[in-house]
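Heads up, the thing below is written out as structure tokens.
A short reminder: the numbers here are calculations on the coordinates, not readings from a lab. Quantities reported herein were computed from a predicted structural model and do not represent experimental measurements. Here Cβ is always computed from backbone atoms with ideal geometry, including for glycine, and neighbour counts include all displayed protein chains.
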Amino acid sequence: MGENLILQKKLSGSSRVLVTGAAGFLGSHLCDALLGEGCSVVGVDNLCTGKAVNVQHLAAEPRFELKEQDICQPFDPGPVDYVFNFASPASPVDYMSLGIETLRVGSDGTRNALEVARKYGASFLQASTSECYGDPRVHPQPEDYWGNVNPVGPRSVYDEAKRFSEALTMAYHRYHHTDTRIVRIFNTYGPRLQSRDGRVISNLMTQALRGEDLTIYGDGTQTRSFCYVSDEVEGILRLARSDEHWPMNIGNPEEWTILECAQEVLAVTGSSSRIRFESLPVDDPIQRQPDITRARQLLGWEPKIDLRTGLKLSLEYFQRCVERGEEARPVQAAAPAASATQPAAGTNCGGARGREDP
Ligand SMILES: NC(=O)c1ccc[n+]([C@@H]2O[C@H](COP(=O)([O-])OP(=O)(O)OC[C@H]3O[C@@H](n4cnc5c(N)ncnc54)[C@H](O)[C@@H]3O)[C@@H](O)[C@H]2O)c1
């Protein structure tokens, strides 16, 4: 792939870069990293899940501007050399309460961002997700596994939006010869992660710092992997500079049981909270782990920050969230009432899963 490219713009210190979703968790860290490389950055965001405060520290930076813009409407940020399309609700709490908006930003929004890249001959990188693998039957998940996704369950608004955005990105590459990349991001955490997004790290950190019981669903033996944000952004930038057009997993392959993760949180916070077990949500995956062989081979990338270190680096941020009175939100609270009977668990067709992104 790639022999028909009409233009390939390399990311460099003189690039003008568009970041959609710039006021979000990952988008804001990406803006920091791009500015650190000397780029000029135009960020767009409709602030539906992100916060302007995430880029407030860039207010006096002349190479950065933030435009309030819904990317589901056509938009023109002026000439750019690279487009990073990161706009989308990302946590289960958000995308289940913003289901239609999530489908629209994955489809119309991604198309509008691709049109910007096409108009200015810019390169394009799509933020995708390990949710594309659904409830995987292959462990760990390599990029050539096509996944096991329920197209009609409550989480399909996100999974299928991202799968469509991958298809659209590949179509622009094939039909319009746009220079594209696709990153499949696995569960990432760090400062600026929404403290109220219902994900494992934010929930456990917030509960520990408030002295509340840490809630674990099931017996806590289900595993997850957690990538610290600086590792994730480094992998994304390496992909952006590469010639790789096929999807690339970027995540931390180190597996932790949820119980081990809770114990790490207790050690880092010094909290005396107790652990409380609750019943496992239907369809909760038992294991989730990226195969990063391709990232190692093609990008020379692998994560460096272990969970204990990443939690320590995130501690001050979560302390400030707790001081502001932000509370954890359970995933189930966001699920809209089902209007149709869901097939029984075990058919892999629906049911509320209290799972992460991934
Ligand atoms: N954080 C993770 O672990 C993770 C994992 C897999 C994939 N991703 C992907 O990375 C991207 C960023 O995720 P995040 O964790 O930073 O989430 P986030 O919610 O913090 O950031 C997403 C940003 O997109 C903005 N946005 C949403 N819809 C928009 C629209 N229509 N127009 C303009 N802006 C819009 C939001 O306001 C927000 O600022 C998403 O595409 C997400 O799917 C994240």
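Spatially close Lys pairs in the chain, defined by Cα atoms under 17 Å apart and a spacing of eight or more places or different chains, total 4. Charges were assigned to the Cβ only: +1 to each Lys and Arg, -1 to each Asp and Glu. The resulting dipole of the chain about its Cα centre is roughly 300 debye.
Close amide H pairs (under 5 Å, H built 1.01 Å from N) link L66 with G43, residues at least 5 positions away or on another chain. Each residue of region 16-29 was assigned a 3J(HN,Hα) from its phi angle through the Karplus expression (A = 6.51, B = -1.76, C = 1.60, θ = phi - 60°), giving 9, 10, 9, 10, 8, x, 5, 8, x, 4, 6, x, 5, 5 Hz with x at Gly and Pro.
If R0 is taken as 45 Å, the Cβ-Cβ distance between A60 and W246 corresponds to a FRET efficiency of 0.70. Among 94-105, 167-178, sorting by the average number of other beta carbon atoms lying within 10 angstrom of each residue, highest first, gives 94-105, 167-178. Ordering of 66-73, 130-137 by packing is 130-137, 66-73, highest average first (other Cβ atoms within 10 Å, averaged per residue). For the chain, the longest principal axis of the Cα atoms and the long axis of helix 307-323 meet at an angle of about 80 degrees. Taking θ as phi - 60° and the Karplus parameters 6.51, -1.76 and 1.60, the scalar couplings of region 225-241 work out to 10, 10, 10, 6, 4, 5, 5, 4, 5, 4, x, 5, 5, 5, 5, 4, 8 Hz in sequence order, x denoting glycine and proline. FRET efficiency for the pair L35 and K119, taken as 1/(1 + (r/R0)^6) with r the Cβ-Cβ distance and R0 = 25 Å, rounds to 0.55. Secondary-structure-derived ellipticity at 222 nm for the chain, considering helices only, amounts to -9500 deg cm²/dmol, per-run term -39500 (n - 2.57) for DSSP H runs with n ≥ 4. The order of W146, W246, W256, W301, going from fewest to most other C-beta atoms within 10 Å of their C-beta, is W146, W246, W256, W301. P(r) for the chain, from all Cα pairs and a bin width of 10 Å, is 5, 26, 36, 24, 8, 1, 0 %, short bins first. Evaluating 6.51 cos²θ - 1.76 cosθ + 1.60 at θ = phi - 60° for every residue in region 62-73, the Karplus couplings come out as x, 8, 10, 9, 10, 10, 7, 7, 8, 6, 6, 9 Hz, glycine and proline recorded as x. Shape class of region 1-106 from the Cα gyration tensor (axes a ≥ b ≥ c, square roots of the eigenvalues): oblate, since a/c reaches 1.5 or more and a/b does not exceed b/c. Name all residues of region 96-115 having a backbone nitrogen under 14 Å from the label point set 7 Å from the Cα of H176 along its Cα→Cβ direction, giving them as ranges. Answer for region 96-115: 107-115. Taking amide H atoms as placed 1.01 Å from N in the peptide plane, the amide H of Q141 lies under 5 Å from those of Q289, D291, each 5 or more residues away in sequence or on another chain.
One quarter of the convex hull surface built on the alpha carbon atoms of region 16-185 amounts to 9.7 nm², the projected area averaged over directions. If the segment from D76 to E255 were pulled out straight at 0.36 nm per residue, it would be longer than the present Cα-Cα gap by 60.2 nm.
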